[in-house]
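Student: Input: one structure, supplied below.
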Amino acid sequence: MKARTKTLHFILLLLLCCCSYSTFAQTARAYERAGDKAMDEKEYYAASQYYKESIKLRNKSTTVYKFAQACRLFGAYIDADKSYAVVAKTKDRNRFSQLAYWQGDIKKRLKQYDKAAGLFRLYLVTDPDENSFYHQKAKQEIEACELAKQLLIDTVAVEVEWVDTGINTPFSEFAPHQVGDSLFYSSMRFKMKDEEGKERYKSKLLLSGGETENKPLSGFASKDEHAANSAISPDGRSLYFTRCEGGNSEDIVCSIYVRKKRDDGSWGRAKILPETVNFTGYTSTHPNVGFDSLRNKELLFFSSNRPGGQGKMDVWYSEISPEGNLGDAINLGEKVNSIDDEITPFFHTATQSLYFSSNWHQGLGGYDIFNTRLEDKTWQEPINAGYPLNSSYNDVYFVINEDNSTGYLSSNRIGSLSLAENEACCNDIYAITLNMKEDEVFYEDTSSVTFITAPKMTIDLPSEMLIETPEIIPTPAPPPPPPPSIPPKTIMEELEELLPVALYFHNDEPDSNTVRIVTKKNYEETYLWYYSLKDLYKTQHARGDVALKWKVDDFFEYEVRKGYEDLDLFSRTLLRALMSGYHVRVSIKGYTSPRAPSTYNENLAKRRISSVRNYFAAFEANVFQQFIDSGRLTFYETPFGETTAPAGISDAYDDARNSIYSVEASKERRVEIIEIERIR
């Protein structure tokens, strides 16, 4: 009796432990799902916080990798670096095909150029496809790491100073340009509500100077739109800017607009530029107006992902006629534009040079600033603007003022305000002082290009452009998001989230060497025996190869065993659905490896499905049998045999190492529960 009591206590303790783990796991999954949703919506800070909470409850390498990705995209480079390193030390590391690449990217951001180059080389080993984007990018980055070390030595004569006049906040400030004593710029410090009532950040155009200290401008966008990236024509009579729709920075679609100054000095209504600039369905942004002295023409430069470019965002220009009409958009070509992004163009009229930012051309890290000139109708090879104008972070929106000796840029480099510690999430505006001689182009001492007198830029701001400052989001760092508020799911939604459930079998099991289509075994029996063969599989397939040994071990732990555990969870959730009155049909597919004749394999697939049905029939003392007998639980079966096995899997009888014991062949010997359907 005492022994029985002790056993009962042990079982109760075990059940309590299992229930406790299940509760934590469910909570961890809830946090992870919330993180996944935030990632989909490009809310990287929120995603990182959700993943962090999930990791506290259940430390999975998959979640740590997701956390690292969110941190990298948000600008928390130190946290991303640490988390990528954690994943790289686990046996799951081979699951993440781009791990070495992103580790290298972060090391470069942190100015650890030798380590970055080594990681990019490691990535090339895992991605031998020379035509893939990341293979080409990794090769480019290896060369860039060598250049970056030299750029840090050969510094340029420029002073870069953070603007401390109430302009910068922990949110992004960008797109500065000076007109007279006033500074136009854009800021993401404002808030709006989307269609679902959710608060999001919103950009507005602001003006700083005189009596208009950091005031937002009116008449540029509706309450649901972003307004940003302003530019003034040389004569001061046309104000170009970007208007964008959408809630997230990477999902919004932007178009370029213009406001013309009337004869009475007031500003006309905003008008969208024609399709020569704004290509329907694509983004056009970052307008800048320059004066081409050789052709005596005004040009509108902008960046766009429209068709006909070299890659993602490219720099384009369009001629502006004396009447203000825009000509066809012309791409600057493959010397300037790349298969990645080129953005924020600025044409320096005095030296006839174009400055832009790129994350492809070789630089210190992130976006670097480059300059090029048009000679003989060809844009020259871009030149890196150098350090400290560039940093290992993002350096964009470079402009030179009318005095040709000062200017601005926007950057998230160290020293910028941020929402929290160890983050480079947001851009600030920096003032620059150029030590440029009167007879030279910036950073090109041997150039013979001389300064050209550009039209004087003047602008008077009528009062109707100014409005009172709306409510601004407070500058202190926001607290981490609260536990996710996830609406309760229906039992059918819970079941659907568990699918597919993949269940694996040893070769020719169950009931080898027979053509029967049913078996008396249930899947639990076949699983326990199959899992006990893990060491045999490692020995027979790896044969001393450590990498193959890990590969087999990972398959048994993270696919074979996980499938069995998923089946148990699915069964318990299915039982809850049936107990709630649902009538359910479960769809099951059976597969085999291609080692036997097709007819034999089709019968084998049917036996495997039969073993899964037997599992349900025997589950928890035959609890499902009543629902099977009453027709409330039915099964739809599809035995595929080997017909869907991918090409290249060995079917040779004399090659057991690959046709039986390889992971590739093992993955084909499975049954999948693929669909759950409520009948009524």
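Student: Would you mind stating whether D164 is surrounded by fewer than 22 Cβ atoms within 10 Å (Cβ to Cβ) and more than 23 Å from the chain's Cα centre (by Cα)?
Tutor: It is true that D164 is surrounded by fewer than 22 Cβ atoms within 10 Å (Cβ to Cβ) and more than 23 Å from the chain's Cα centre (by Cα).
Student: Could you please let me know if F174 is assigned by TED's automatic domain parsing to the domain that holds W360 and in a strand (DSSP E or B)?
Tutor: Values: assigned by TED's automatic domain parsing to the domain that holds W360: yes; in a strand (DSSP E or B): yes.
It is true that F174 is assigned by TED's automatic domain parsing to the domain that holds W360 and in a strand (DSSP E or B).
Student: List pairs: first in region 336-349 and buried (at least 22 other Cβ atoms within 10 Å of the Cβ) and modelled with pLDDT under 95, second in a loop (DSSP other than H, G, I, E, B) and among the hydroxyl-bearing types (S, T, Y), Cβ under 8 Å, 6+ apart or cross-chain?
Tutor: T349/S293
Student: I'm trying to understand the selection: among the residues of region 42-74, which are more than 26 Å from K108 (Cα to Cα) and free of Cβ contacts under 8 Å to residues at least 40 places away in the same chain?
Tutor: S54, I55, K56, L57, R58, N59, K60
Student: Do any residues in region 301-314 that are closer than 16 Å to E275 by Cα have Cβ atoms under 7 Å from those of residues that are among the aromatic types (F, W, Y) and outside any loop (DSSP other than H, G, I, E, B), where the two are at least six apart or on different chains, and which pairs are they?
Tutor: Every condition considered, the pairs that remain are F301/Y317; F301/F347; F302/W316; S304/W316.
Student: Let me ask something else. For region 123-149, which positions are surrounded by 12 or more Cβ atoms within 10 Å (Cβ to Cβ) and either among the aromatic types (F, W, Y) or without any contact (Cβ under 8 Å) to a residue 24 or more places away in the chain (or both)?
Tutor: Those that are surrounded by 12 or more Cβ atoms within 10 Å (Cβ to Cβ) and either among the aromatic types (F, W, Y) or without any contact (Cβ under 8 Å) to a residue 24 or more places away in the chain (or both): Y123, L124, F133, Y134, H135, K139.
Student: Based on what the data block shows, is V125 of a type in the set (A, V, I, L, M, F, W, C), in a helix (DSSP H, G or I) and at pLDDT below 95?
Tutor: Details: of a type in the set (A, V, I, L, M, F, W, C): yes; in a helix (DSSP H, G or I): yes; at pLDDT below 95: yes.
So V125 passes the test.
Student: Can you say whether S338 is in the same structural domain as T242 (by TED's automatic domain parsing), touching a helix residue (DSSP H, G or I) at 6+ places or on another chain (Cβ under 6 Å) and assigned to a loop (DSSP other than H, G, I, E, B), as far as the supplied structure shows? Reasoning before the result, please.
Tutor: Numbers: in the same structural domain as T242 (by TED's automatic domain parsing): yes; touching a helix residue (DSSP H, G or I) at 6+ places or on another chain (Cβ under 6 Å): no; assigned to a loop (DSSP other than H, G, I, E, B): yes.
Spelling it out, it is not the case that S338 is in the same structural domain as T242 (by TED's automatic domain parsing), touching a helix residue (DSSP H, G or I) at 6+ places or on another chain (Cβ under 6 Å) and assigned to a loop (DSSP other than H, G, I, E, B).
Student: Among all residue pairs at least 6 apart or on different chains, which show Cβ distances below 6 Å where the first residue, located in region 80-104, is closer than 18 Å to L124 by Cα and the second is outside any loop (DSSP other than H, G, I, E, B) and hydroxyl-bearing (S, T, Y)?
Tutor: These pairs meet every condition: F96/Y65; A100/Y123; Y101/Y123; Y101/Y134; Q103/Y84.
Student: Among the residues of region 57-75, count how many are under 22 Å from K91 (Cβ atoms) and either part of a helix (DSSP H, G or I) or not assigned by TED's automatic domain parsing to the domain that holds E32 (or both).
Tutor: Of the residues in that region, 10 qualify.
Student: List the residue pairs whose Cβ atoms are under 8 Å apart, where the first residue sits in region 658-680 and is within 21 Å of K562 (Cβ to Cβ), the second is of a type in the set (F, W, Y) and part of a helix (DSSP H, G or I), and the two are 6 or more positions apart or on different chains.
Tutor: Y661/Y537; V663/F555; S666/Y537; S666/F555; K667/F555; V671/Y523; I673/F570
Student: Further, regarding this structure: Can you find a residue in region 87-94 that is in a helix (DSSP H, G or I), at pLDDT below 90, over 15 Å from the mean Cα position of the chain (by Cα) and of a type in the set (K, R)?
Tutor: Looking for residues that are in a helix (DSSP H, G or I), at pLDDT below 90, over 15 Å from the mean Cα position of the chain (by Cα) and of a type in the set (K, R), one finds at least one in region 87-94, hence yes.
The values are calculated or read from the model by the stated rules, or taken from the named source; none is laboratory data. Keep in mind that what you see is a predicted model, and the values were worked out from it rather than measured. Heads up, the Cβs are rebuilt from the backbone with ideal geometry, glycines too, and the neighbour counts pull from every protein chain shown.
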